[in-house]
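J.: One structure follows; several queries about it will come next.
The values are calculated or read from the model by the stated rules, or taken from the named source; none is laboratory data. Being a predicted model, the structure only gives us computed values, none of them experimental. Virtual Cβ from ideal backbone geometry, glycine too; neighbours counted across all protein chains shown.
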């Protein structure tokens, strides 16, 4: 007969709760299982405590296992798995340093993601989701398909699936997978330029860090997401801190793609704080990995980062080749989200060349692309460029309207606006409107102080 052992905290040592088959009472430790999985499996199988217990166990023994008051022996757990129709792996608590576990149903999707066939992973996963499966397997498939959709820059689909998977893992008490799904939701929200992205990412990180020991691979991934969101919010020093912590946390990570994204993020952040040497160092490291992995969209973003770095350095000829390649890679992938960023980089390049016609063309294309993808921050950036171009043409009324539209969008999306106000203050000062310049300069300083406080609070959370 099977045995169930009380949790050590329930008494002075393990004691048998099930019915005895012999006089020998072992001192074996019970098996660690994930909280809630036995009850969940029994409920979904439509079984009573007595039906799961059968003749080998008592209803009380199953109840104690379900409530965490006892740990089952491996024999008991196998019996429960057989009667509820679940694989043994469904119940087992895995070491938190491991990646989310694989199953037979998810292995092919994972393989396709690993070889960077995100479209194939989506097709395989959606086909599996169309078939009726147990809740645990369905949730894992949803998480993986969400990952594939993120690789394809399709955040709406990714967020829907990750949210559905998280709801299940939360109810099942699977903390690691809850953190992973929250991270995917945060990534999707980041691509959608949702102001709630940082809260999701920090919630995922806190959930991950509640495990003991902390799963370093997952922690590294989530820190990378936090860094990306800080960068999007122009909290550059907070972004650098998160990226560097991610690299430190992920020192055992074999995922080169993830490492390349961290390098790419560090490149952008260092560029924005005018540390061009470090920016170039990380940009080239990211590009090398992207090229090796043939990760086209990530390669495009890194090409854009390097191109923008060269623009800021004044090397416009080399910058153009990198930016054109970035744009070509996005077009080949038929990816719309974040394409506007490359278009505004092209706008900046032609602005510095004093080719206002080309600059305006790219700014308007960026506006159209960002509007189609519902990216308020990128729409605001396009408005700023159109305002600068209109000012250069001495079209004051159009310039004012464009800047007003940008400020409204940045405020609505709760994005930092200090740089935008500072830029407009310079324009107003050049016009001779000193009063207006002072007002916007004050707003720039207030926004900058608010950004710093926000970054400090986030870093200490």
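J.: Please tell me if residue 405 is under 23 Å from residue 343 (Cβ atoms) and surrounded by fewer than 21 Cβ atoms within 10 Å (Cβ to Cβ).
T.: Working: under 23 Å from residue 343 (Cβ atoms): yes; surrounded by fewer than 21 Cβ atoms within 10 Å (Cβ to Cβ): yes.
In short, yes.
J.: Regarding residue 410, is this residue crowded, with 23+ Cβ neighbours inside 10 Å and part of a helix (DSSP H, G or I)? Can you show your working first?
T.: Details: crowded, with 23+ Cβ neighbours inside 10 Å: yes; part of a helix (DSSP H, G or I): yes.
Considered against the rule, which asks whether it is crowded, with 23+ Cβ neighbours inside 10 Å and part of a helix (DSSP H, G or I), residue 410 comes out as yes.
J.: When the range 303-340 is examined, which residues are found to be touching a residue at least 40 places away in the same chain (Cβ under 8 Å) and part of a helix (DSSP H, G or I)? First the steps, then the outcome.
T.: The initial filter retains those residues of the range 303-340 that are touching a residue at least 40 places away in the same chain (Cβ under 8 Å), namely 304-305, 307-309, 311-312, 333, 335-338, 340.
The answer is 304, 305, 307, 308, 309, 311, 312, 333, 340.
J.: Would the range 358-378 turn up any residue that is on the phi > 0 side of the Ramachandran plot, surrounded by fewer than 24 Cβ atoms within 10 Å (Cβ to Cβ) and free of Cβ contacts under 8 Å to residues at least 40 places away in the same chain? Walk me through it before giving the result.
T.: Of the residues in the range 358-378, the ones on the phi > 0 side of the Ramachandran plot are 374.
From what's left, surrounded by fewer than 24 Cβ atoms within 10 Å (Cβ to Cβ): 374.
Now drop any that are not free of Cβ contacts under 8 Å to residues at least 40 places away in the same chain, which leaves none.
There is no residue in the range 358-378 that is on the phi > 0 side of the Ramachandran plot, surrounded by fewer than 24 Cβ atoms within 10 Å (Cβ to Cβ) and free of Cβ contacts under 8 Å to residues at least 40 places away in the same chain.
J.: Within the range 272-290, is even one residue in contact (Cβ under 8 Å) with a residue 60 or more places away in the chain and crowded, with 22+ Cβ neighbours inside 10 Å? Step through it out loud before you land on a result.
T.: Of the range 272-290, the ones in contact (Cβ under 8 Å) with a residue 60 or more places away in the chain are none.
Within the range 272-290, not a single residue is in contact (Cβ under 8 Å) with a residue 60 or more places away in the chain and crowded, with 22+ Cβ neighbours inside 10 Å.
J.: Residues 433, 400: which one is at pLDDT 90 or above, crowded, with 17+ Cβ neighbours inside 10 Å and not assigned by TED's automatic domain parsing to the domain that holds residue 227? Reasoning before the result, please.
T.: Details: 433 fails: crowded, with 17+ Cβ neighbours inside 10 Å.
Among 433, 400, only 400 is at pLDDT 90 or above, crowded, with 17+ Cβ neighbours inside 10 Å and not assigned by TED's automatic domain parsing to the domain that holds residue 227.
J.: Can I ask one more? Please go through the range 148-207 and give me each residue that is over 23 Å from residue 109 (Cβ atoms), part of a loop (DSSP other than H, G, I, E, B) and touching a residue at least 40 places away in the same chain (Cβ under 8 Å), ordered by number.
T.: Passing the criteria: 173, 192, 193, 195.
J.: Just one of the numbered conditions (1) modelled with pLDDT of 95 or more; (2) crowded, with 23+ Cβ neighbours inside 10 Å; (3) under 30 Å from residue 68 (Cβ atoms) is not true of residue 164; which one?
T.: With (1) modelled with pLDDT of 95 or more; (2) crowded, with 23+ Cβ neighbours inside 10 Å; (3) under 30 Å from residue 68 (Cβ atoms) applied to residue 164, the lone miss is (2).
J.: Give just the number: which of (1) part of a loop (DSSP other than H, G, I, E, B); (2) more than 15 Å from the chain's Cα centre (by Cα) does residue 282 not satisfy?
T.: (1)
J.: Please go through the range 83-102 and pick out each residue that is at pLDDT 65 or above and buried (at least 17 other Cβ atoms within 10 Å of the Cβ). Step through it out loud before you land on a result.
T.: Kept after step one, since they are at pLDDT 65 or above, are these residues of the range 83-102: 83-93.
The answer is 83, 84, 86, 90, 91.
Yes/no matrix, rows are residues, columns are (1) within 33 Å of the chain's Cα centre (by Cα); (2) surrounded by 15 or more Cβ atoms within 10 Å (Cβ to Cβ); (3) at pLDDT below 85:
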{"site": "4", "(1), (2), (3)": "no, yes, yes"}
{"site": "15", "(1), (2), (3)": "no, no, yes"}
{"site": "22", "(1), (2), (3)": "no, no, yes"}
{"site": "36", "(1), (2), (3)": "yes, yes, yes"}
{"site": "43", "(1), (2), (3)": "yes, no, no"}
{"site": "106", "(1), (2), (3)": "yes, yes, yes"}
